[in-house]
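Laboratory data are not the source of any read-out in this text; all were calculated from the coordinates shown. Note that the structure is predicted; figures quoted are calculated from it, not measured. Note: ideal-geometry Cβ built from the backbone for every residue, glycine included; neighbour counts use all protein chains shown.
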Amino acid sequence: MSLSRKCGSFSFLLPYVLLAGLFLTFHHEAVFEGKVYYNQWLFRNHAPFPKPSSAELNFLNPTTEYITHYFPYKHYLAAAWKEGVLPLWNPYVFCGFPIVGNANSSVFSPFNLLLLAMTPYRAYVFFLAIFFLAGSFAVFYFLNQKMSFSRLASFAGASGLLLCPYLMQFIDY
């Protein structure tokens, strides 16, 4: 059966629609309610982690690596792009830092265009959330089309990526 015939039917899109629904169900707090991916927030329903207090849900908690390491790079990129400057060097880290050489900064990623359209906080969290949705689509496609797994097995594999709290904790690595 040709790909054009497969793409024309809803059954071809059904797993992707279900993955998107699962994604929005599990990640709704980050996507729609302004929450962030933070270990104590993320694992609130997973043993052995205790339910966090409201103070621990604060995005600006200085103990998180998102605030001390990753987010400042995104914030600098947003400021540089908005000023029309190509951000190759960040003068605010140590005595200067080649931000273009840092993989976590991903200076030339098209996703950084979100930094121009949203506040850096929302853009960063949105980028992290979309990473899981796109990854689950890619895993489903790979397992189903390239490895010839059944659609159910491929969906289970993609759902495992989408719902894995361990991966979410280390998403930026």
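For the reader, a short list of remarks on this structure follows.
- Point-to-point label distance, F149-L88, nm (Cα→Cβ direction, 7 Å offset): 4.3
- Rounded to the nearest 0.05, the FRET efficiency derived from the C-beta distance between Y141 and W81 at R0 = 25 Å is 0.20.
- The range 113-118 - phi-based ³J(HN,Hα) in whole Hz, Karplus 6.51/-1.76/1.60, Gly and Pro as x: 5, 4, 5, 7, 9, 10
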